[in-house]
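Structure, as structure tokens:
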Amino acid sequence: LHMGKTMKEDLTVVAKYINKLYPPEFNVFSIYAELYHNYFASQAKKSAESHLEDKDIYLLLSWVHNFYPKDMRKDHDLAMELDKVKLGSLLPSSLSKELENKYLDSEEVTVKNSLSRCLDKEIQRWKEDKEPEKLNGHFQSELLGIFVIQSIYSSQKRAEDISKAVGEELSQRLLRELPAFLRSYRDAFEDFKEKSKKHRYYKPILIANINNCCNFREYTEKYMAEKDNSKADILSTLADIENSGFDVLLQQLFAQLKPMYKKFTENKWDSSSEIMNEIIKTTSKHISDFQTLKDPFYHAIVEKIHARLVKEYIVRLLKRKVSLKTPAQQQTLAQHISKNAADLEAFCTSNGSQATWLNSALPKLAEIIRLQDLGAIKIEVATLAKTYPDIRKRHLEAFLHIKANLSRSELKSILGYLADTTASTQPRAPLFSNINVS
């Protein structure tokens, strides 16, 4: 700092006053600048070759790449004169590169250790069974959800302050560290999930950990190139954490719903409105607990619920428990299904489900039950198969058991039509492929 200040002030005096006292061919400013630069460079080299602490390496690199070439040599009073003098860098490129590598290695280890300590502290918090903090009504872990990203980001910014190249190199290194850290996080989360089910704040801690993934996702999407292999690795690990958390949060609800859905076929669909109301009431109680999830995850879990409610309903329709011989009976069942479908759609939509692709499944099945004309049934089947290309013959055959007035040849004709029209491409989100037909 003393040398830099002295050089800057002295050269300013030379540029303003001394330079004009000599003939131009004397190149007085150049001589002064070279002498000052050579001395400064020799001192910098001497420092670089001695044993330096990490903070000293950072400061010296800042002088080489930043303060000296930008703050001093681009000074308003000196820039024009210094541009005429080819002074070069404060350090030889080989020595500068050596310092950069030392700095990068040290910073990488520092951040890695910091992340490891952070995870250890977070695991300890889980064991203490305390309610997680809330931010804007959402459970979160400030330590993992915020501190980890801040550690990486601040380290990158410090490196960028040295030079763009150093910043980019450190970014690449740290982004390679992130997948390993997240895998350790996922393993710790799985361990907690299995061993701590009796904890008082078990669910809030699960929710906080799902919410943590939001910051990691945003950071990864913003700072990592699409073709970077680490990006896919990170997003896959985050999806594991999220889905694992969702599965546990939904276990109790789905277990409670299963016997309710059995009532549809046990009662021959006669009390279907009452059963659907019971299903909606039970589901509603659980959904209120999920309000502490951040919006993307809340919508995701509601859509999982929506898909499960529709799927379980279809499962009951495919159980071959009901066989109706008259059009009037089929008309009544179709009305029950349409009413249940409307109630289910209204409930899921009002609670934030954006899975609109699910909404036509039950009405289309109801329409197939209602229709009696063979050609009209085939058209409706074709429409169903286009909307849900993962439907297969075994699903349709089990479903058509309901229409007991179809002859064997009519049934074969409808099933053959499905085989001709079913798309070979996999659906964006599967529905029927998740349903096993016994």
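For the range 139-147, the criterion of a residue being open to solvent by 80 Å² or more (accessible area, probe 1.4 Å), touching a residue at least 60 places away in the same chain (Cβ under 8 Å) and of a type in the set (Asp, Glu) is satisfied by no position. Taking the criterion of being under 13 Å from SER96 (Cα atoms) and open to solvent by 90 Å² or more (accessible area, probe 1.4 Å), the residues of the range 36-56 that qualify are LYS46, GLU49. None of ASN19, ASN38 is more than 53 Å from the chain's Cα centre (by Cα) and either in a loop (DSSP other than H, G, I, E, B) or farther than 23 Å from LYS157 by Cα (or both) except ASN19.
Among the conditions (1) modelled with pLDDT of 95 or more; (2) over 17 Å from SER413 (Cβ atoms); (3) not in a helix (DSSP H, G or I), GLN372 misses just one, which is (2).
Going by the structure shown, is GLN354 closer than 30 Å to GLN291 by Cβ, polar (S, T, N, Q) and free of Cβ contacts under 8 Å to residues at least 60 places away in the same chain? So GLN354 passes the test. Give me the residue from the range 76-105 that is surrounded by 15 or more Cβ atoms within 10 Å (Cβ to Cβ) and outside any helix (DSSP H, G or I) and, out of that set, farthest from the chain's Cα centre (by Cα). Looking at the filtered set, the residue picked out is VAL85. The set of residues in the range 124-138 that are out of contact with any His (no Cβ under 9 Å at 6 or more places or on another chain), of a type outside the set (D, E, K, R) and surrounded by 13 or more Cβ atoms within 10 Å (Cβ to Cβ) comprises PRO132, LEU135, HIS138.
Inclusion of ARG176 among residues that are at pLDDT 95 or above, basic (Lys, Arg) and surrounded by fewer than 19 Cβ atoms within 10 Å (Cβ to Cβ) is not warranted. Annotation note: Cβ proximity below 9 Å between a residue of the range 202-224 that is in the same structural domain as VAL148 (by the TED database) and of a type in the set (Gly, Ala, Ser) and a residue that is open to solvent by less than 10 Å² (accessible area, probe 1.4 Å) and modelled with pLDDT of 90 or more (sequence gap 6+ or interchain) occurs for no pair.
From the set of residues in the range 418-438 that are open to solvent by less than 80 Å² (accessible area, probe 1.4 Å) and of a type outside the set (A, V, I, L, M), which is modelled with the highest pLDDT? Per the stated criteria, the residue is PHE432. Residue selection: ALA41 satisfies the criterion of being closer than 19 Å to LYS5 by Cβ and out of contact with any helix residue (DSSP H, G or I) (no Cβ under 9 Å at 6 or more places or on another chain). Answer yes if at least one residue in the range 232-245 is open to solvent by less than 20 Å² (accessible area, probe 1.4 Å), touching a residue at least 12 places away in the same chain (Cβ under 8 Å), farther than 16 Å from ILE301 by Cα and touching a Pro at 6+ places or on another chain (Cβ under 6 Å), and no otherwise. Among the residues of the range 232-245, at least one is open to solvent by less than 20 Å² (accessible area, probe 1.4 Å), touching a residue at least 12 places away in the same chain (Cβ under 8 Å), farther than 16 Å from ILE301 by Cα and touching a Pro at 6+ places or on another chain (Cβ under 6 Å), which makes the answer yes.
The set of residues from the range 229-276 being over 23 Å from ILE314 (Cα atoms), modelled with pLDDT under 95 and more than 14 Å from the chain's Cα centre (by Cα) comprises just one member, ASN229.
Each row is one residue, and each column tells you yes or no for (1) in a helix (DSSP H, G or I); (2) farther than 24 Å from SER93 by Cβ; (3) open to solvent by 90 Å² or more (accessible area, probe 1.4 Å).
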{"residue": "GLY4", "(1), (2), (3)": "yes, no, no"}
{"residue": "MET7", "(1), (2), (3)": "yes, no, no"}
{"residue": "VAL14", "(1), (2), (3)": "yes, yes, no"}
{"residue": "GLU25", "(1), (2), (3)": "yes, yes, yes"}
{"residue": "GLU34", "(1), (2), (3)": "yes, no, no"}
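Taken over the range 376-403, the residue count meeting the criterion of being outside any loop (DSSP other than H, G, I, E, B) and either closer than 21 Å to ALA328 by Cβ or open to solvent by less than 10 Å² (accessible area, probe 1.4 Å) (or both) is 14.
Given the condition in contact (Cβ under 8 Å) with a residue 24 or more places away in the chain and either of a type in the set (Ser, Thr, Tyr) or under 30 Å from ASP289 (Cβ atoms) (or both), answer yes or no: does some residue in the range 410-420 qualify? For the range 410-420, residues in contact (Cβ under 8 Å) with a residue 24 or more places away in the chain and either of a type in the set (Ser, Thr, Tyr) or under 30 Å from ASP289 (Cβ atoms) (or both): present. Restricting attention to the range 199-230, the residues being of a type in the set (Ser, Thr, Tyr) and within 22 Å of ASP289 (Cα to Cα) number 2. For the range 215-250, the set of residues classified as among the charged types (D, E, K, R) and closer than 25 Å to PRO204 by Cα consists of ARG217, GLU218, ASP240, GLU242, ASP247, listed by residue number.
The one condition from (1) touching a residue at least 60 places away in the same chain (Cβ under 8 Å); (2) buried (at least 17 other Cβ atoms within 10 Å of the Cβ) that SER196 does not meet is (2).
The values are calculated or read from the model by the stated rules, or taken from the named source; none is laboratory data. Predicted model, so just to flag it, every value in this text is computed and none were measured. All Cβ positions, glycine included, derive from the backbone under ideal geometry; neighbour counts span all protein chains shown. Ligands, DNA and RNA are excluded from the accessible area calculation, which covers all protein heavy atoms including side chains. Shrake-Rupley method; radii C 1.70, N 1.55, O 1.52, S 1.80 Å.
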